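The values are calculated or read from the model by the stated rules, or taken from the named source; none is laboratory data. Just so we're clear, the structure is a prediction, and the values are computed from it rather than from any experiment. Reconstructed Cβ throughout: ideal geometry from the backbone, glycine too, with neighbour counts over all protein chains shown. These area figures cover heavy atoms from the full protein model, side chains too; ligands, DNA and RNA do not enter into them. Shrake-Rupley method; radii C 1.70, N 1.55, O 1.52, S 1.80 Å.
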Amino acid sequence: MQSVYTVDLPSIEQVIELYPVQVTPNTPLTDVILMMGRKESNLLKYQGEVDVISCVLVVEKNSLLGIFTLRDLVKITGMGVNLANVKITDVMTKSVITMRLNSGQNAISALSLMCKYQIRNLPVLDEKERLVGLITQDRIRQVVEPPHLLKLRTAQEVMVTDVIYVLVTTSLLEVAQIMSDRHIGCVVVVESGQKPLIPVGIFTEKDVIKAQLQGRNISQTQVKNMMSKPIFTVSANESLWNVHQLMTTRKIRRLVVVNEQGELQGIVTQTNLLKVLDPGEVIQVIQALEYKLDDQTEKLIKSKLQLEKEVVKRRIVEELLLQAQEQLELEVAKRTTELVQANIRLQQEIEEHRKAQQTIQEQAALIDVSTDAIFVRDLENHILFWSKGAEKLYGCKAEEILGKQAHQIFSLESLSQLETGLKTTLEAGYWQGELEQINQTGKLLTVASRWTLIKNKFGHKECILVVNTDITEKKLLEKQFYRAQRLESIGTLASGIAHDLNNVFAPMIMIAQLLPLRCKNIDPKTQEMLKILENSCHRGANLVKQILTFARGKEGKHIPLQSQILLKELVTVIKETFPKSITISTSIPTDDLWMIEADPTQLEQVLMNLAVNARDAMPNGGILTINAENRIINHSYQRKNVDAQVGNYVAFTIGDTGTGIPTNILDRIFDPFFTTKNTGEGTGLGLSTVLGIVKNHGGFIDVSSEVGKGTIFQVFLPKVEATIKNICSNEELPRGNGNLILVVDDEDLIRQTTQQTLIEYGYQIMAAKDGMEAIKIYSQNQQKITAVLLDMVMPNMDGLSTINTLINYNSQVKIIATSGLPWQEKAMVAGAQKFISKPYSASDLLTTLSDILGNR
């Protein structure tokens with residue numbers, strides 16, 4: 001059969017431009033630039049891409065001397081050359097790739113030659129070396145349009161991913177230099193060099209022409225003032241046929257490839273597109289079409305033969321019909337008898353149908369027992385069936401709903417979700433998803449919805465069965481779980497901050513305690529200032545403890561506690577300090593409140609923070625409620641609070657009649673540094689610290705609030721079986737007996753203040769700034785050193801590695817580990833005998849040293 005090859009491969013004459021722009025060798029370069037931009041009549045007002053000529057041929061007496069392209073202009077522009085006195089012969093490309101005209105060539109032959117030498121313009125000469133015309137990539141793309149090939153490819157297959165991009169503030173000179181050095185025809189312009197990259201424009205060789213014609217100062221003009229915009233983009237999955245159509249419609253040669261978020265992925269150029277038209281691929285596609293056509297022809301021939309056979313069969317059937325007509329009368333009598341019998345069978349079928357209806361009614365009764373909302377709606381969204389479960393969930397009776405449209409009932413169910421669900425159900429037969437709806441009482445519901453398409457016995461679509469399960473409570477628990485995960489992540493960050501602050505406060509606390517010992521004859525005013533310094537240091541250290549508590553890195557010392565005593569002391573302080581406009585209402589049992597195990601200071605901090613927040617919520621006065629009671633948490637309550645566990649608790653209630661907390665921020669009140677107070681009135685750590693302390697004590701918090709009516713915080717702490725131990729009074733600080741202590745810490749101030757403190761109390765000191773130096777000192781003075789005070793977090797060699805190395809030197813070495821982070825367990829497992837947390841006081845340090853050395 002005849003090939004379709006000539007249809008898809010135009011002749012060479014179809015793609016030759018017979019009258020390309022030509023100039024003589026002495027033509028000034030500025031005139032050439034004007035010729036290349038001649039299609040643009042009003043360059044100063046033009047806002048898009050300039051439609052320019054891609055090249056100019058330099059000809060003398062019909063002989064081709066050279067070629068000047070847009071790429072040559074970019075190169076000259078990037079060099080910053082003054083174009084005023086330059087002639088075309090000085091800058092043209094003299095080594096020109098050309099094509100000889102002969103009868104065996106076509107458009108693909110020219111494209112192959114251009115791809116081989118990576119050029120976009122191909123002059124055509126005759127056998128006498130005379131110029132015939134010019135072939136460009138633009139012309140080839142416009143003439144050669146094989147949709148059967150381009151529609152099978154996507155932009156992702158040909159796009160360039162290594163895209164050169166510049167910022168909007170880059171100068172035209174820098175852009176031209178980049179394009180010249182990289183041998184590229186365009187760069188993508190972005191707002192910021194930080195990822196993700198969002199393209200805002202594109203700068204091409206045509207824009208260089210535009211800048212030159214407008215007389216722009218290329219070293220001062222920014223690329224944002226000359227770039228082509230708006231930028232035309234496609235997705236990576238777009239077919240090359242659509243890319244080709246868009247290039248043709250918009251008269252452009254480049255498209256930027258972006259993802260769904262608009263981020264830069266690559267670029268597709270006209271050159272990339274034409275590479276698809278490789279002759280080998282084109283021929284393969286044509287051969288495939290020819291094979292397909294042959295196959296179709298063969299099928300048509302077979303169909304024709306089959307049709308002839310059917311005609312013969314039809315004639316035979318007609319003859320048989322004539323014979324059947326003669327027997328018809330005989331069959332009528334016989335059929336009458338059969339109809340009588342069929343009537344009997346029909347009566348039997350009616351009885352079976354009645355039984356089936358009874359079965360359906362029984363099944364409907366089972367549906368009504370289900371707690372799920374089950375209903376049926378037609379394809380126009382009208383309700384046809386409404387179960388008892390639907391009545392309970394939505395509060396609407398069946399007689400009120402039947403015949404109405406679903407979106408009139410579920411006012412919060414978006415039409416877009418309905419349309420998406422309906423489309424998917426009609427196409428796939430099934431859809432499921434989560435919907436937000438509202439019942440008759442105004443309660444917001446979240447349901448898991450499943451839609452099933454119902455067809456009749458003929459396969460026609462009739463209606464949709466919908467089963468909705470109430471998952472409102474489940475979503476609430478998920479929300480609480482995600483919030484707990486978020487707080488746990490933020491706690492890791494808070495722990496790192498607390499470590500650095502501990503290293504700041506450690507020397508300050510020891511200096512504040514050491515100065516009064518060194519300066520005994522100072523005036524009272526100075527003594528007062530030193531006391532203020534010490535108190536400020538402790539105040540800062542307490543703030544660090546709050547952060548550590550929030551981060552779950554430091555739990556404090558838990559002891560059995562009768563919380564009613566602490567509550568009564570708290571109420572006394574509140575009554576003395578809170579405004580008289582606030583009425584204090586208390587309900588605190590005297591002797592039957594269960595015991596809890598807690599850090600008294602931290603528990604007092606929890607209750608005081610909540611009381612202060614309640615005070616701030618009542619600027620004009622109100623009622624502050626402080627209660628405590630024994631509570632038993634069951635499984636029903638546990639399902640409503642993800643942090644709760646079944647068991648016995650003591651519940652502390654702090655309530656107010658203040659402004660209340662809006663619903664939209666109720667889930668964020670425990671986030672660190674989140675506060676609704678004005679600048680300077682709060683750090684945002686109060687409630688996050690409260691939550692951290694309560695969780696560290698094995699408890700949980702329940703919050704309820706209503707705007708304009710007030711807020712109630714309930715703190716639940718687990719009951720313990722214990723007795724109260726007497727707390728011993730403080731002793732005098734123990735002194736050393738000239739023992740040599742090795743102090744290891746990477747913080748200079750901590751080493752110095754620790755050294756001065758220990759010297760003041762009768763110790764000798766050697767110091768090291770990291771683990772490696774400590775090992776060196778210990779190896780040289782092992783017999784003299786009686787104990788090592790060692791920081792766990794240090795550069796070069798950390799505390800754990802240092803402990804292991806020291807034990808290898810001397811298995812009996814006495815080590816006291818220190819850190820602002822919760823390293824106690826790891827340090828003790830590694831071999832340390834004691835652990836003290838930073839920032840430690842002189843009392844902590846001296847007492848621990850005395851214990852490990854046996855001086856007391």
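Taking only alpha carbon atoms, the range 166-246 gives an Rg to Rh ratio of 1.01, where Rh is the Kirkwood radius.
Partner lysines whose Cα lies under 17 Å from the Cα of LYS87, excluding those fewer than 8 positions away in the same chain, are identified as LYS75. Pairs with C-alpha atoms separated by more than 24 Å, drawn from the list LYS695/LYS719; LYS769/LYS826; LYS151/LYS275; LYS397/LYS443; LYS695/LYS834, are LYS695/LYS834. Only protein heavy atoms count here; under a 1.4 Å probe, LYS814 has an accessible surface of about 80 Å². Distance between the modelled labels on HIS460 and GLN405, one decimal in nanometres: 2.4 nm (7 Å Cα→Cβ projection). Heavy-atom accessible area, probed at 1.4 angstrom with all protein chains present, ranks TYR430, TYR761 as TYR430, TYR761, highest first. Using the Cβ of LEU384 as centre and a radius below 10 Å, the other residues enclosed give a net charge of -1, where K and R count +1 and D and E count -1. Please work out the C-alpha center-to-center distance from the range 132-195 to the range 617-668 and express it in whole Å. Between the Cα centres of the range 132-195 and the range 617-668 lies a distance of 63 Å.
Over all projection directions, the Cα-based convex hull of the range 99-245 averages an area of 11.4 nm². Leaving out ligands, DNA and RNA, what percent of the accessible area of the range 720-856 is carbon and sulfur, probe 1.4 Å? Answer for the range 720-856 is 45 percent, counting heavy atoms of protein chains only.
For the range 702-824, taking the reciprocal of the average inverse distance between every pair of different Cα atoms yields a Kirkwood hydrodynamic radius of 17.8 Å. Computed on the range 781-856, the Cα convex hull volume stands at 97 Å³ per residue. Computed with a 1.4 Å probe on the full set of protein chains, the accessible area for THR371 sits at about 120 Å².
Cross-link partners for LYS776 among the aspartates and glutamates, with Cα-Cα distance under 17 Å and sequence neighbours closer than 8 places in the same chain left out: ASP745, ASP746, ASP791, ASP798. Given a Förster distance of 22 angstrom, what is the FRET efficiency for LEU476 paired with HIS635, based on the Cβ-Cβ distance and rounded to 0.05? Result of the calculation: an efficiency of 0.85.
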